[in-house]
1. Can you give me the number of residues within segment 13-59 that are more than 19 Å from Thr2 (Cβ to Cβ) and in contact with a His (Cβ under 9 Å, 6 or more places away or on another chain)?
2. Restrict the check to segment 31-45 and report whether at least one residue is β-branched (Val, Ile, Thr) and part of a loop (DSSP other than H, G, I, E, B).
Amino acid sequence: MTPVIHNRLPVLRAERGLPRKALAEGIGVNYQTIGYLERGDYNPSLELALKLAAFFDLPVEMIFSLQPFEPLSRMAATSKGEP
């Protein structure tokens, strides 16, 4: 069974105002591939994960994880000292 790979692609795209098509063109894939990745229908190859990391200038583990990411709202609250 293939493990689920969680990702932050929708959040990263939204932060940068990038449509799927622009991201896809930036890394050389079909725009539908971005949708499949975001929905978890498709796990990225190592090459694709590294291309996305380079595109966003982030470590791969900031984009992809085997564990669900903590919601950003909870991370923001924790950084402000809230429980």
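Read-outs throughout are calculated quantities, based only on the coordinates presented, and are distinct from any laboratory measurement. Small disclaimer: the values here were computed from a predicted structure and weren't measured. Cβ placement follows ideal geometry from the backbone for every residue including glycine, while neighbour counts extend to all protein chains displayed.
1. 0
2. Filtering segment 31-45 for residues β-branched (Val, Ile, Thr) gives 33-34.
Next, from what is left, pick out any that are part of a loop (DSSP other than H, G, I, E, B): none.
Taking every residue of segment 31-45 in turn, none turns out to be β-branched (Val, Ile, Thr) and part of a loop (DSSP other than H, G, I, E, B).
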